[in-house]
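One structure below.
What follows draws every value from the coordinates through simple rules; no lab data is involved. Computed from a predicted structure; not experimentally measured. In this analysis, Cβ positions are derived from the backbone assuming ideal geometry, glycine residues included, and neighbour counts consider all displayed protein chains.
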Amino acid sequence: MLGILVFAMLATLVWLAGRYEASQVQSRLERDTADAVSDIRVALTRNLQSLQALNAGEPGDLAWEVEATELLRNRRELVRIEWRDANLRVRTHAQSPYRPVAWDLRLRDGSQSDAGIACANARRLSSPAYSSSYFQPYGDGLGSEMMELCLPLTSGGRTTGFLVATYSLQDMLLNLVAPSLTRNQEASFTEADGTRLAVLGAARRGSRMFMAQQLLDLSGTTLVLRMDAWHSAPSLFPNVLTALVTAMSIALVTVMVVLVRDNRRRLSAERDLADALAFRKAMEDSLVTGLRARDLEGRITYVNPAFCAMVGFSAQELLGQSVTAPYWPPERVEEYRQRQAIRFAGTVPPREGFESEFMRKDGTRFPVLIIEAPLINALGQHTGWMSAFLDISEQRRVEEISRASQERLQATARLATVGEMASLLSHELNQPLAAISSYATGSINLLEASAAAGPEDAPAASAGQLKDVRMAMQHIARQAERAGKVIKSVHDFVRRRDQAREAVQAQQLLDAILPLVSLQARKLGVRVHTSVEAHLPPVLCDRTMVEQVLLNLARNAMQAMDDPSLPRRVLDLRVRRAASNQHSGWVEFAVTDVGTGIAADVAEKLFTPFFTTRTEGMGLGLSLCRTVIEQHGGYLGFAPHEPRGTVFTFTLPAATP
Ligand code: ADP
């Protein structure tokens, strides 16, 4: 709209300026025409006086002719002067030396000639009169419009004659108008209907034409002086001012367009920026990760809502804090301050983050994982540190639950082992119980026989019988003890103890499982062989767990050898220092069998929970074994044994004093 308005104003301005310019030209032309007419009038009046002066003082014909010729020489618009008598007959005449004209005197003499009509008028008015114009050929093929002036000569109230002067219209223009005519003007005498009688001036040039007319009233006739002017080029910008205003308006419009475009671009950039900011803000606000920025002096410059929610302080309480953050547990302030000092000394923190403990506003502590990174601004300068915080209390709780459930699983596995062993146990307990029962029966028999024999031979008999009974009782006691041991060994194994690391001799571990291993070994007909390297350091481990690992491996080994056709079935339990250098300070346990060995496809899935090849197996043994050993920082693996069977090895850290 503004553009259209400015354009319309501009067009109007240019048009008005053009109009003004045209009106200027027109009025100048009108002025020039009026000036020209008054010039002509003045000249005609002056001529009139000169003509009247010709006949003053009754001159002789000759003197008159001399005077008239002189006048004709000076006034070139006059071509002929005649002195006529009262009857209009020519007494004498003078002729312009500049314009030779073939006058037809017969035509001029009659009373109906132009001169005659003019003189009749003059006589009637008793004052000079002009005739209307007429065409007078020069005789050489050219010609011109002429006009007669008749001047009555009177003496004593009587008309004594006439003075007839002939004007050439062309020469009138040439001598009276031409000096004040400009190059682009054309002057002409016309009749009332526009017919040109005489023309003087420039040939037409330029496309715009201006015209002015002015009447020249003479007594007896009226001439019309017409002036035409041509304006050179059609000027769009008629003057400098208009051009300047136009140029400035164009510049203004251009600047406006540029401004509008710039403004639009700026607006869109602002909108994009606002979008990006809103997106970033939404992202920061919806994050569950706490974010905190610190400058190089350690002042907190930014915290996101998640961080505030985590520590329970508002952003206002946190911003600007530097020396001691309010979420540092008081007892660890010193430690944290040192850590901060290290950070500001320029040490780049670990990429994977570190764990720490923070305090909520209500005083409760919680573990966090902190990931820090240097804050680099757009110019590439290091301006501070950015930290991300993860509240890992939930993670800790889950870990605790999974540890507990792992323990429960292990207990279950242990019970399952016990279940499997129940049959072995009953078989094993059968022997001492049968022995106890038979010793008891034997003792009772002895006692009954001694009662039946009577008191006479009692001393001798009773001495022998008592010895037997004592022996039987001792056997009973030993067998009961043996049964008790069997039960205790199972009880010890099953009893759940709290997880605790302690320094244990490898031999003690083997001793703890040997009764149970022997039970199965005896049933399967396998020999058990153990060897422990001399001067071994104790291992640091959870005793119950490692015992179960050993028992599991031993049982798996014996089950692999559960084939009576195999020769020399030996289970080898060996403990020694770990061979490799990087494992110095570690103790290696090896459980070797000469059984079926492990096929490649089985080997792939060996440690997968619930993978088993046995119908009554649970498939949990090996996976639990590996978990336990890895919890101790050790390694559990297996390798084929030459010529047959498998070696399972695991390592445990030695307890350094
Ligand atoms: P389970 O004893 O309940 O089957 P494990 O995880 O202890 O579960 O063992 C998984 C499988 O690994 C066994 O079923 C057996 O096929 C194989 N295996 C384990 N130890 C040996 C071994 N010493 N020799 C051959 N195969 C073995």
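Overview of results
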| quantity | calculated |
| --- | --- |
| Interchain or long-range residues, amide H under 5 Å from Val528's placed H | Leu571 |
| Where labels lie 7 Å past Cα in the beta-carbon direction, separation of Tyr635 and Lys361 in nm | 5.2 nm |
| Partnerless cysteines, meaning none of the other Cys C-beta atoms lie under 4.7 Å away, in the chain | Cys308, Cys541, Cys625 |
| Part-to-part distance (alpha-carbon centres) for the range 1-76 and the range 519-566, which is given in Å | 146 Å |
| Computed FRET value (nearest 0.05) for Val260 with Val240, which takes r as the C-beta separation and R₀ as 35 Å | 0.70 |
| Packing-based order for 58-67, 644-653, 256-265, 185-194, using average beta carbon neighbours within 10 Å, highest first | 644-653, 185-194, 58-67, 256-265 |
| Computed over the chain: relative contact order in percent, which uses C-alpha pairs under 8 Å that are six or more apart | 7 percent |
| From the C-alpha gyration tensor of the range 529-644, square roots of 5λ in Å | 24, 18, 13 |
| Rounded FRET efficiency, nearest 0.05, which uses the C-beta distance separating Lys523 from Ser402 and R0 of 41 Å | 0.65 |
| Relative contact order, percent, the range 238-319 [alpha-carbon distance under 8 Å, six or more residues apart] | 17 percent |
| Cα-centred dipole magnitude for the chain, charges only on beta-carbon of K, R (+1) and D, E (-1), debye, nearest 20 | 440 debye |
| Burial order of peptide ranges 272-280, 28-36 (average beta-carbon count within 10 Å, highest first) | 28-36, 272-280 |
| Partner aspartates and glutamates for Lys361 [C-alpha distance under 18 Å; skip if fewer than 8 residues away on the same chain] | Glu317, Glu331, Asp391 |
| Positive-end residue, the chain charge dipole about Cα centroid, Cβ charges, pick of Pro609, Leu71, Val101 | Pro609 |
| Projected label distance in nm at Thr195 and Ala373, using a 7 Å step from Cα toward the beta-carbon | 10.7 nm |
| Charge-dipole axis of the chain as Lys and Arg at +1 and Asp and Glu at -1 on Cβ define it, positive-most pick from Pro537, Leu44, Asn184 | Pro537 |
| Quotient of Cα Rg and 2.2 N^0.38 Å for the chain, N being how many residues it contains | 2.82 |
| Sorted by Cβ neighbour density within 10 Å, fewest at the top, the residues Tyr302, Tyr134, Tyr167 | Tyr134, Tyr302, Tyr167 |
| Span from the the range 592-657 Cα centroid across to the the range 105-166 one, whole angstrom | 157 Å |
| Amide hydrogen neighbours beyond the local backbone of Leu216, cut-off 5 Å, H modeled | Leu223, Val224, Leu225 |
| Partners for Lys523 among lysines (Cα-Cα distance below 26 Å; same-chain residues under 8 apart left out) | Lys485, Lys488 |
| Inter-label distance for Leu429 and Asp295, nm, one decimal - labels placed 7 Å from Cα along Cα-to-Cβ | 7.9 nm |
| Charge tally in the Cβ shell below 9 Å around Ile300, where Lys, Arg are +1 and Asp, Glu are -1, Ile300 excluded | +2 |
| Table column - 3J(HN,Hα) (Hz), the range 602-617, Karplus curve with 6.51, -1.76, 1.60, x for Gly and Pro | 5, 4, 4, 9, 3, 9, 6, x, 6, 8, 8, 10, 9, 5, 9, x |
| Interatomic Cα distance distribution for the range 4-49, bins of 10 angstrom, percent | 25, 24, 18, 15, 11, 6, 1 |
